[in-house]
Amino acid sequence: MHRRHFIKSCLGGAALLSAGLPIRPVQAAARDRRKFLFVFNSGGWDPTRVFAPAFSNSNVDMEASAGLSSAGGISWVSHLERPSVDTFFSTWHEQMLVLNGVMVRSIAHEICTMIALTGSTSGFSPDWPARIAADASDFTLPHLVLGGPSFPGDLGVAVSRAGSAGQLEALLSGSIVDWTDTPVSGISSPAASAVDRYLQRRAAGRNTISRSLTDDALSTAYAESLDRAIDLKDYRHVMDFTGGTDLASQGAVAVDALRLGLSRCVTIGYAGSDGLGWDSHADNDATQSPLFEGLFQGLGQLMTLLASTEGESGGSLADETVVVVLSEMGRTAQLNATAGKDHWPYTSMMLLGPGLTTDRVIGGLDDGYYGLDIDFSSGETDTSSGRILTAESVGATLLALAGMDPAAHLSDATPIEGILS
């Protein structure tokens with residue numbers, strides 16, 4: 001990032017935030033400049049408690065005290081214990097797209113997580129944010145991970161974790177040397193700058209000598225990482241990288257990273273205030289209900305912050321940022337003997353932001369609680385000649401939203417053209 005743009009971003013954004021003024025949409029960012037914020041909910045949520053109303057399906061155990069609510073083209077499950085869900089859908093439905101009946105092909109947490117984020121079960125394939133972030137070359141931390149899972153694959157040079165205990169912040173400030181039981185002496189700022197310059201010269205020199213394809217790739221990756229690490233030191237003076245584990249604090253760091261042009265993609269994670277997550281094999285509703293309430297309360301704060309923060313193109317950051325809210329799996333249609341719900345390979349996802357045909361729900365679940373086929377060209381349900389809505393196809397759609405060619409990254413998945421505007 002150019003220093004002039006960096007300083008201008010800092011001063012401009014700070015002025016608008018301090019004035020408390022909402023930033024009006026001016027011009028949406030081009031596809032190749034769109035930013036992405038992933039909100040991952042680990043453990044497997046129950047779509048029938050919010051996203052997938054199934055009151056008319058006798059095979060699905062719904063809450064007796066729940067009801068159906070609608071705003072615009074979206075309907076959801078409403079409950080007195082989850083007022084933030086109602087507030088969020090009522091406020092943001094025009095920017096929202098809900099996908100129901102998304103297949104993840106497994107009922108194992110690790111496998112479903114890999115499929116939902118990478119479209120693969122290998123564990124070595126980069127996830128969607130890593131691919132999108134690596135496609136852009138002018139970000140210091142292309143993909144910043146504040147929480148949740150991350151699969152960098154061979155794109156690790158584009159991915160950085162902040163650490164839930166402020167490890168990145170401590171590394172940048174130098175205070176991490178105090179974390180060891182063995183006393184360590186730091187070096188002065190001038191000396192550190194001299195070391196940085198020396199390492200950059202060595203890295204540049206190494207890149208001029210070709211040894212092997214593998215060695216050349218490692219040398220290039222090292223040089224890129226070193227340049228980004230040196231640039232990153234400037235950012236610690238204008239933002240705090242300590243995101244913590246709660247949604248509000250992670251969201252605030254994420255918005256700062258996107259606003260300042262530090263990152264193109266940010267991933268945050270939500271597992272509830274106790275950190276135990278969504279895996280409700282017993283007492284499903286007592287587990288899921290407060291989690292959904294906390295999630296949508298945090299999402300409301302996040303969207304408000306995005307909408308009131310200036311973006312790169314002169315409008316709001318919400319005009320430039322695709323927010324992806326997902327969990328790795330769904331839960332069974334019926335309660336088990338302990339009032340819980342077990343793993344199910346169909347789930348729901350929610351997208352908000354530019355480039356989408358919003359204020360609508362696509363997909364669904366049939367009487368047997370299996371995902372309905374859809375027409376990829378329109379996004380409409382098509383049980384005669386449609387195709388299954390898969391996590392891979394959602395990933396291909398995200399790559400297309402980022403201005404990338406999905407076929408260059410995925411051999412067996414195509415984007416859902418009907419949900420792209």
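Once segment 233-261 is narrowed to residues that are touching an Asp or Glu at 6+ places or on another chain (Cβ under 6 Å) and of a type outside the set (A, V, I, L, M), the residue that is surrounded by the fewest Cβ atoms within 10 Å (Cβ to Cβ) is Thr242.
Where residues in segment 31-90 are assigned to a helix (DSSP H, G or I) and among the β-branched types (Val, Ile, Thr), which of them is nearest to Lys341 (Cα to Cα)?
Here the residue is Thr48.
Quick one: would you say Asp61 is surrounded by fewer than 20 Cβ atoms within 10 Å (Cβ to Cβ) and at pLDDT below 95? The answer is no for Asp61.
Answer with yes or no whether Ser313 is at pLDDT below 95, surrounded by 16 or more Cβ atoms within 10 Å (Cβ to Cβ) and on the phi < 0 side of the Ramachandran plot.
Details: at pLDDT below 95: yes; surrounded by 16 or more Cβ atoms within 10 Å (Cβ to Cβ): yes; on the phi < 0 side of the Ramachandran plot: yes.
Considered against the rule, which asks whether it is at pLDDT below 95, surrounded by 16 or more Cβ atoms within 10 Å (Cβ to Cβ) and on the phi < 0 side of the Ramachandran plot, Ser313 comes out as yes.
Screening segment 246-276 for residues that are under 17 Å from the mean Cα position of the chain (by Cα) and in a loop (DSSP other than H, G, I, E, B) and picking the one that is nearest to Arg131 (Cα to Cα) gives Arg264. Put simply, of Gly272, Gly277 the only residue that is of a type outside the set (D, E, K, R), closer than 21 Å to Val77 by Cβ and touching a residue at least 40 places away in the same chain (Cβ under 8 Å) is Gly277.
For segment 113-135, residues that are touching a residue at least 60 places away in the same chain (Cβ under 8 Å) and either surrounded by fewer than 20 Cβ atoms within 10 Å (Cβ to Cβ) or of a type outside the set (A, V, I, L, M) (or both) total 7.
Is there a residue being free of Cβ contacts under 8 Å to residues at least 24 places away in the same chain, closer than 30 Å to Ser120 by Cβ and either surrounded by 16 or more Cβ atoms within 10 Å (Cβ to Cβ) or more than 28 Å from the chain's Cα centre (by Cα) (or both) anywhere in segment 195-212? Yes: segment 195-212 contains one or more residues that are free of Cβ contacts under 8 Å to residues at least 24 places away in the same chain, closer than 30 Å to Ser120 by Cβ and either surrounded by 16 or more Cβ atoms within 10 Å (Cβ to Cβ) or more than 28 Å from the chain's Cα centre (by Cα) (or both). Would you confirm, using the coordinates I've provided, whether Ala217 is in contact with a helix residue (DSSP H, G or I) (Cβ under 8 Å, 6 or more places away or on another chain) and surrounded by fewer than 16 Cβ atoms within 10 Å (Cβ to Cβ)? Criteria not met by Ala217.
No other residue among Asp181, Asp154 is more than 22 Å from Arg105 (Cα to Cα), free of Cβ contacts under 8 Å to residues at least 24 places away in the same chain and surrounded by fewer than 19 Cβ atoms within 10 Å (Cβ to Cβ) apart from Asp181.
When Ala318 is tested against the conditions (1) outside any strand (DSSP E or B); (2) out of contact with any Leu (no Cβ under 6 Å at 6 or more places or on another chain), the lone failure is (2).
Let's see how each residue does on (1) within 16 Å of Arg105 (Cβ to Cβ); (2) in a loop (DSSP other than H, G, I, E, B); (3) of a type in the set (A, V, I, L, M):
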| position | (1), (2), (3) |
| --- | --- |
| Gly368 | no, yes, no |
| Ser377 | no, yes, no |
| Ser384 | no, yes, no |
| Gly395 | yes, no, no |
| Leu398 | no, no, yes |
| Gly403 | no, yes, no |
| Asp412 | yes, yes, no |
| Pro415 | no, yes, no |
| Gly418 | no, no, no |
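Looking only at segment 355-366, how many residues end up being within 25 Å of the chain's Cα centre (by Cα) and not in a strand (DSSP E or B)? Matching residues across segment 355-366 total 5.
Somewhere in segment 74-90, is a residue within 25 Å of Gln250 (Cα to Cα) and among the small types (Gly, Ala, Ser)?
Start the filter on segment 74-90 by keeping residues that are within 25 Å of Gln250 (Cα to Cα), which leaves 81-90.
Among the residues that remain, those that are also among the small types (Gly, Ala, Ser) are: 84, 90.
Looking through segment 74-90, at least one residue is within 25 Å of Gln250 (Cα to Cα) and among the small types (Gly, Ala, Ser).
The residues listed here are Thr304, Thr338; of these, the one that is assigned to a helix (DSSP H, G or I) and surrounded by fewer than 20 Cβ atoms within 10 Å (Cβ to Cβ) is Thr304.
The values are calculated or read from the model by the stated rules, or taken from the named source; none is laboratory data. It should be emphasised that the depicted structure is a prediction, and the values quoted were computed from it without experimental measurement. Here the Cβ is made from the backbone with ideal geometry for all residues, glycine too, and neighbour counts use every protein chain on show.
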